[in-house]
Amino acid sequence: MATKTPLVSILMGSQSDWPVMKKAAEALDVFGIPNEAKIISAHRKNARLQEYVAGAEAAGTRIFIAGAGMAAHLPGVVAALTTLPVIGVPLKASLEGIDAFLAIVQMPPGIPVATVAIDGAKNAGILAAEILSVSDKALQAKIKAWRKTQADNIAEIPKD
Ligand code: RP5
């Protein structure tokens, strides 16, 4: 979604991250939350990342979701550049994603990154929606309704 001012910015280090990271965008789309996705590597395009985060914050972005694999410093670097909430998504690009998970979850004290599961981009999108719903009752109602549908769609009888 890219028509209205994006409230959530989804960043990733590489095109190879998109098949997983698009699940964050899809989750946000379910709740009608304007979002945009960008590939801006923290190490390959560091100056552009600094410029982008400052611009997005000025334009009205409220939350950043940042996904990265391997050394996975993108979420931490984004968190260093803004005081807005940052949700990190460790991606399985090598070592089953354990490398990225440890890099993202082990942020030193003072600059937090909320970390979801390895390849957990869908939950990153849902968590961003929940954070935004703190000051948006209509959004809170949408999330509650979605949760109910999710529960209702789980069959109690196992199928072969
Ligand atoms: C990280 O290195 C990216 O986030 C990606 O997960 C990983 C591999 O990147 P590519 O070599 O596919 O560009 O920076």
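Residues in region 49-70 that are of a type outside the set (Val, Ile, Thr) and either within 10 Å of GLY13 (Cα to Cα) or within 14 Å of the ligand (Cβ to nearest atom) (or both): LEU49, ALA66, GLY67, ALA68, GLY69, MET70. Of everything in region 8-35, what is surrounded by fewer than 20 Cβ atoms within 10 Å (Cβ to Cβ) and either at pLDDT below 95 or touching a Pro at 6+ places or on another chain (Cβ under 7 Å) (or both)? Give them in sequence order. Answer for region 8-35, where residues must be surrounded by fewer than 20 Cβ atoms within 10 Å (Cβ to Cβ) and either at pLDDT below 95 or touching a Pro at 6+ places or on another chain (Cβ under 7 Å) (or both): just PRO34. For the residues GLY97, GLY60, GLY76, the requirement of being in contact (Cβ under 8 Å) with a residue 24 or more places away in the chain and in contact with a helix residue (DSSP H, G or I) (Cβ under 9 Å, 6 or more places away or on another chain) singles out GLY76. In the condition set (1) within 16 Å of the ligand (Cβ to nearest atom); (2) open to solvent by less than 70 Å² (accessible area, probe 1.4 Å); (3) within 17 Å of GLN15 (Cα to Cα), LYS45 is compliant with all but (2). Residue count for region 1-24 satisfying the condition of being within 13 Å of the chain's Cα centre (by Cα) and within 16 Å of the ligand (Cβ to nearest atom): 12. When region 1-37 is filtered for residues that are assigned to a helix (DSSP H, G or I), more than 19 Å from LYS92 (Cα to Cα) and either charged (D, E, K, R) or free of Cβ contacts under 8 Å to residues at least 60 places away in the same chain (or both), the ones remaining, listed by number, are GLU26, ASP29.
The values are calculated or read from the model by the stated rules, or taken from the named source; none is laboratory data. Bear in mind that the values here come from a model prediction, so they are computed numbers and not experimental data. Backbone-built Cβ (ideal geometry, glycine too); neighbour counts: all protein chains shown. Each accessible area value is taken on the protein alone, full model and side chains, heavy atoms only, with ligands, DNA and RNA left out. Shrake-Rupley method; radii C 1.70, N 1.55, O 1.52, S 1.80 Å.
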